[in-house]
Amino acid sequence: MAEKVLAIDAEKCDGCRKCETACSVFHTGADNPGRSRIRILTWDNIGLHVPVTCQSCDKPFCTEVCPAKACHRDLKTNKVLIDKNKCIGCKTCILACPFGVPLFDKVEHVTVKCDFCDGEPQCVACCEPRAIEYLDEEFVGMNRRRGVFQKFLADYAAGQQPVFSYPEIGAEVGEI
Amino acid sequence: MANPVINSRYFKPQKEWGWQVAVDLYLAGMGSGALVIGLLVDWLGYSPYSSRTILLWGPVLVAFGALFLISKLGIRRRFLNTVMNPKTSWLSRGFYILSVCIIFGAVILAISLLPLLGVDIGSWSLFVRALDMVVFIFALAAAVYTGILVRSVRFVSFWHTYLLPVLFTVSALTTGAMATVMATYTYDLLVFNEAYSSNMRNVLMNITQGLILIEAIVLALYLYTRYMAEEGQSRNSVLLLISGRLWFVFWLGIVASGFALPLVLAIIYSRFSENPILLFAIGALVLASRLLLRLAIIYAGIKDQTPWHKFVELQYYLKFPDAGPVPLRNG
């Protein structure tokens, strides 16, 4: 079976933060975005919101630096997970992660990160604009590519010059 | 106009490793440095065998430092889990290095006490020398390890350079040498024994001066290379130290108190040898400033921007090419 990954489309995220709420409720039983395993990076001045969560890197630096092997790659799901029962809370993985994903849970005194909610990510379930999706890895990016191509066809059919744009900051970087 | 895409959160220093880590690096460095210097002093024949104990107290400091590191853990009772990943984790490897240094160092320290209890250890000399050699190697490894551990954090560019282990090793030897001078002087002062010759202390003071000079050069080189490095936030970390919030720690606590003043006082000390006030003033300045050095380096470490931040900034500068280079911040 193809491996599933969390596909994030920053253009669709409207910064509602329901994913943070759902994640914290699922994992901690309370609405506490500070303990959410997914975080929204925000650029208020330009209205950009980017959900950030574990990418399950092919070469995960967190597993490399973890002294207790709490951070490991699960053989069944191929996901990078943190075993809370082994974690000593040294925070080295937080420094090691280039995406700044792991966070130190001050209640449990261990480092936590996205564990994909046992295969049914709660953030995906509550994301209305579908900025976060749980897709087979070969289909990641397919929606965006489909959207761009459909826009290209629409512009072409209307006799307009198709333009590729980055709507999040209004930059137009090419014409054909 | 403020740049709208620079997320100023990422110009703030890291908070994951705090003062406990810096204190551990300092004590482990000083303890291992003292052990290295102490063993060298003993091997070169400067110490009376019956008073070797004063030269071998380094493992106590290393162990004490480890307690600070354990205190920083989220779940302290699990600290033994640290042994699990020596294959790739420097934290794990350090556990083994420091453990051997502490345990074997404690053994030779304990053996050095036996003559005071009337036990003749003359027949143990080969065994003790073999132990000395093991402890020397692991003490040197511990001194180098403190820098390698910090350097292994690759996404704090300020730390990710081979000059950092060099700096920490030289610093460990400096503090170790200074601490050994003070320990032997205090021992002679309290015991009225003159077990350690003033000649030995003068030689050690000269070595300490040399080490301070070398350390100053390495520190300057380290800061210069980190300032000139193009990747990451290392330049902002250097600016934080030399002109930002930590400037007084750097210029007063490290440069003035750790290098300039001790060197001046050491020149005066060479004319008034064994003056206790001068000796302890130099010692206090050197030892305190090295702690500040480690605190400054830990607290000035700024984590590099995430790929998301770089991507958004790149797109912003594609749209506004006149916006110029990314403005530097110093937190």
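Look at the dipole of the protein assembly as shown built from charges on Cβ: of B:Gly244, B:Gln233, B:Gly18, the Cα furthest out on the positive end belongs to B:Gly18.
Of all the accessible heavy-atom surface of chain B, with the other protein chains kept in place and a 1.4 Å probe, what percent is carbon and sulfur? Carbon with sulfur: 71 percent of the solvent-accessible area. Of the trypsin sites (Lys or Arg not before Pro) found in the range B:65-119, the ones in coil according to DSSP and having at most 16 other Cβ atoms within 10 Å of their Cβ are B:Lys87.
Remark: mean inter-chain Cβ contacts per residue of B:15-21 equal 3, using a 10 Å Cβ-Cβ cutoff to other protein chain atoms. Note on B:Leu113/A:Lys18: beta-carbon distance plugged into 1/(1 + (r/R0)^6) with R0 of 60 Å gives a FRET efficiency of 0.35.
Once C-alpha pairs closer than 8 Å and six or more residues apart are averaged by separation and normalised to the residue number of the range A:11-101, the relative contact order reads 21 percent.
Averaging the sequence gap over all C-alpha pairs within less than 8 Å and six or more residues apart, then dividing by the number of residues, gives the range B:148-301 a relative contact order of 29 percent.
Between chain A and chain B, the total buried accessible area stands at approximately 3400 Å², from heavy atoms with a 1.4 Å probe. The trypsin sites (Lys or Arg not before Pro) of the range A:1-85 that meet both conditions, a loop assignment by DSSP and at most 10 other Cβ atoms within 10 Å of the site Cβ, are A:Lys76.
Rounded if a/c is under 1.5, else prolate if a/b is larger than b/c, else oblate: which is the range B:89-225, with a ≥ b ≥ c the root eigenvalues of its Cα gyration tensor? It comes out oblate by the Cα gyration axes. Rounded to the nearest 20 debye, the dipole size of the range A:1-159 about its Cα centre is 320 debye, using +1 on the Cβ of Lys and Arg and -1 on the Cβ of Asp and Glu.
The mean number of partner chain beta-carbon atoms within 10 angstrom of a residue's beta-carbon across peptide B:66-77 is 3. If the limit is 31 Å between Cα atoms, which of A:Lys12/B:Lys319; A:Lys12/A:Lys69; A:Lys4/B:Lys72; A:Lys12/A:Lys79; A:Lys84/B:Lys303; A:Lys151/B:Lys12 go over it? The pairs that break the limit, which is 31 Å between Cα atoms, are A:Lys12/A:Lys69; A:Lys4/B:Lys72; A:Lys151/B:Lys12. At q = 0.10, 0.15, 0.23, 0.24 Å⁻¹, work out log10 I(q)/I(0) for the range B:200-301 with the Debye formula, treating every Cα as an identical point scatterer and leaving solvent out; two decimals please. For the range B:200-301 at q = 0.10, 0.15, 0.23, 0.24 Å⁻¹, log10 I(q)/I(0) is -0.32, -0.63, -1.16, -1.23. Per residue, the solvent-accessible area of the range A:1-68 (1.4 Å probe, heavy atoms of protein chains only, all protein chains present) comes to 45 Å². A prolate overall shape is assigned to the protein assembly as shown, the ratio a/c of its alpha-carbon gyration tensor axes (a ≥ b ≥ c) being 1.5 or greater and a/b exceeding b/c.
Simple point charges give the picture: +1 on the Cβ of Lys and Arg, -1 on the Cβ of Asp and Glu, and for the range B:73-172 a dipole about the Cα centre of about 580 debye. Think of the protein assembly as shown as a dipole: +1 on every Lys or Arg Cβ, -1 on every Asp or Glu Cβ, centred on the Cα centre; then among B:Leu91, B:Leu113, B:Thr184, B:Leu113 lies furthest on the positive end. When a 1.4 Å probe is rolled over the protein heavy atoms, the share of accessible surface on the range A:5-122 that falls to carbon and sulfur comes to 50 percent. Summed over the residues of the range B:205-326 and divided among them, the accessible surface reaches 47 Å² per residue at a probe radius of 1.4 Å.
Peptide A:57-68 shows a mean partner chain C-beta count of 5 within 10 Å per residue C-beta. Sites counted here are GluC sites (Glu not before Pro) in a DSSP loop (not H, G, I, E or B) having no more than 15 other Cβ atoms within 10 Å; the longest part of chain B that contains none of them is B:1-193. Once C-alpha pairs closer than 8 Å and six or more residues apart are averaged by separation and normalised to the residue number of chain B, the relative contact order reads 25 percent.
Unpaired Cys in the protein assembly as shown, meaning no second Cys C-beta under 4.7 Å: A:Cys13, A:Cys16, A:Cys23, A:Cys57, A:Cys87, A:Cys90, A:Cys97, A:Cys117, A:Cys126, A:Cys127, B:Cys101.
Ranking A:Leu81, B:Phe79, B:Asn275 by Cα position along the charge dipole of the protein assembly as shown, where only Lys, Arg, Asp and Glu carry charges on their C-beta atoms, puts B:Asn275 farthest toward the positive end. Solvent-accessible surface, computed for protein heavy atoms with a probe of 1.4 Å, shrinks by 20 Å² or more for the following residues of the range B:145-172 when the other protein chains are added to the isolated chain: B:Val153, B:Arg154, B:Phe155. In chain B, once you exclude exposed chymotrypsin sites (Phe, Trp or Tyr not before Pro) (DSSP loop, at most 16 other Cβ within 10 angstrom), what's the longest stretch remaining? My reading of the result: B:1-161 is the longest stretch. Rounded to the nearest 20 debye, the dipole magnitude of the protein assembly as shown is 560 debye, with +1 charges on Lys and Arg beta carbons, -1 on Asp and Glu beta carbons, and the Cα centre as origin.
For the range A:2-106, applying the loop criterion from DSSP together with a ceiling of 13 other beta carbons within 10 Å to the GluC sites (Glu not before Pro) yields A:Glu3.
The values are calculated or read from the model by the stated rules, or taken from the named source; none is laboratory data. Predicted model, so just to flag it, every value in this text is computed and none were measured. Positions of Cβ are backbone-derived with ideal geometry, glycine not excepted, and every protein chain shown enters the neighbour counts. All accessible areas refer to the heavy atoms of the entire protein, side chains included, with ligands and DNA or RNA removed. Shrake-Rupley method; radii C 1.70, N 1.55, O 1.52, S 1.80 Å.
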